[in-house]
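Participant: Have a look at this one before I ask anything.
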Amino acid sequence: MSGCYLALEGVEGAGKSTVAGAVAARLRAEGREVVEVREPGGTPLGEEIRRLLLHADDMAPWAEAMLFAAQRAQLVAEVVGPALARGAWVVSDRSYYSSLAYQGDARGLGVEAVRQVNEWAVGSVVPDLVVVLDFDPDRGLARQGDVDRIGGQGPDFQRRVAAAYHRLAAAEPSRVVVVPVDADPDVLAERIVELAEARCG
Ligand code: TMP
């Protein structure tokens, strides 16, 4: 039995966390073992790195990209890799595709350069399916509660992130799928589970 690594992506305020919870609940109801994680975070070290990433006063763009990759290396080693190895499904709120969109594209570090750093961090443990929840970035920002350092970059940055996700989906259509946020979380979760089961079985 092999597991499945499903990642949810999107701009701030797209509703990823709620949909991720609904997806996990639906998979559990089918009798699957499900491990839910979030990035940045998901391990004790990763949660410390998250605090730095979201609340430090100043951070150079490559320091930011490297810290995202570092928390991801820990998450993959400690949680995601072992879960997949025992046949569990992993539902992740963000993944290395966030780094490609935010640091690689929107911040301008270069998608391929950021991909390379992340390949060192995660090796072959990459999501089987990446679902981008497509939501208007301006509405997403308006919906945001606590604004963190990256969420506070403003509307132009969020629009660049949204466009970046569309480019990533166009470049990797078999792995990255855009799903419009046009229904409630349970309906979206049903569609996403169908996509994941088609991909992973
Ligand atoms: P969250 O709001 O989904 O918890 O994510 C935290 C913030 O970190 C959000 O603004 C997106 C950003 N982020 C990146 O810039 N690069 C990454 O690789 C990840 C995982 C998140």
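Participant: For the stretch 4-200, report the accessible area per residue in Å² (1.4 Å probe, heavy atoms, rounded to an integer).
Facilitator: Accessible area per residue: 43 Å².
Participant: What three numbers, in Å, describe the spread of the alpha carbons of the stretch 4-200 along their principal axes, ordered from the longest?
Facilitator: Here the spans come out as 45, 35, 31 Å, largest first.
Participant: Same structure, new question: Roll a 1.4 Å probe over the protein heavy atoms and report the accessible area of H166 in Å², nearest 10.
Facilitator: 80 Å²
Participant: How much accessible surface does T18 have with a 1.4 Å probe, in Å² rounded to 10?
Facilitator: Near enough 90 Å² of accessible area.
Participant: Within 11 Å, Cβ to Cβ, of G13, how many net charges do the neighbouring residues add up to if Lys/Arg are +1 and Asp/Glu are -1? Present the calculation step by step, with values, prior to reporting the outcome.
Facilitator: Details: positive: K16, R139, R143; negative: E12, D136, D138.
Summing Lys/Arg as +1 and Asp/Glu as -1 gives 0.
Participant: Continuing with the same structure: Tell me the carbon and sulfur percent of the accessible area for the stretch 4-200, rounded to whole percent, probe radius 1.4 Å.
Facilitator: Looking at the stretch 4-200 in its full context, I get 52 percent from C and S.
Participant: Could I ask something else about it? Contour minus end-to-end for A171 and Q116, with contour as 0.36 nm per residue of separation and end-to-end as the Cα-Cα distance?
Facilitator: Going from the current span to full extension adds 18.2 nm.
Participant: Of the residues A22, A73, A63, which exhibits the maximal mean-square fluctuation in a Gaussian network model of the chain defined by a 10 Å Cα contact cut-off?
Facilitator: Largest GNM mean-square fluctuation: A63.
Participant: Could you compute how much accessible surface S174 exposes when probed at 1.4 Å, giving the result in Å² to the nearest 10?
Facilitator: 80 Å²
Participant: Once you've got the GNM for the chain with C-alpha springs shorter than 10 Å, pick whichever of V187, V80, V177 has the biggest mean-square fluctuation.
Facilitator: Judging by the Gaussian network model, the answer is V187.
Participant: What are the principal axis extents of the Cα atoms in the stretch 118-189, in Å, biggest first?
Facilitator: 36, 31, 21
Participant: Which order do D57, D156, D93 take when ranked by solvent-accessible area (1.4 Å probe, heavy atoms of all protein chains), largest first?
Facilitator: These residues rank, largest area first, as D57, D156, D93.
Participant: Further question: Cα centroids of the stretch 160-174 and the stretch 14-68: how far apart, whole angstrom?
Facilitator: So the separation of the two Cα centres works out to 20 Å.
Participant: Check which residues have an amide H placed less than 5 Å from E36's amide H, if you skip close sequence neighbours.
Facilitator: V91
Participant: What do you reckon, how do C4, C200 stack up by accessible area (1.4 Å probe), largest on top?
Facilitator: Of C4, C200, the descending order of accessible area is C200, C4.
Participant: Let me ask you something else. Return the FRET efficiency for the residue pair A85, D156: r is the Cβ-Cβ distance, R0 is 45 Å, and the value is rounded to the nearest 0.05.
Facilitator: Result of the calculation: an efficiency of 0.60.
Participant: Treat every Asp and Glu Cβ in the chain as -1 and every Lys and Arg Cβ as +1, leave all other atoms uncharged, and give the resulting dipole magnitude about the Cα centre to the nearest 20 debye.
Facilitator: Magnitude of the dipole: close to 240 debye.
The values are calculated or read from the model by the stated rules, or taken from the named source; none is laboratory data. What you see is a predicted model; the values in this text were computed from it and never measured. Methodologically, a virtual Cβ is constructed for each residue, glycine included, from the backbone with ideal geometry; neighbour enumeration extends over all protein chains shown. Calculation scope for accessible area: heavy atoms of the full protein, side chains included, ligands and nucleic acids excluded. Shrake-Rupley method; radii C 1.70, N 1.55, O 1.52, S 1.80 Å.
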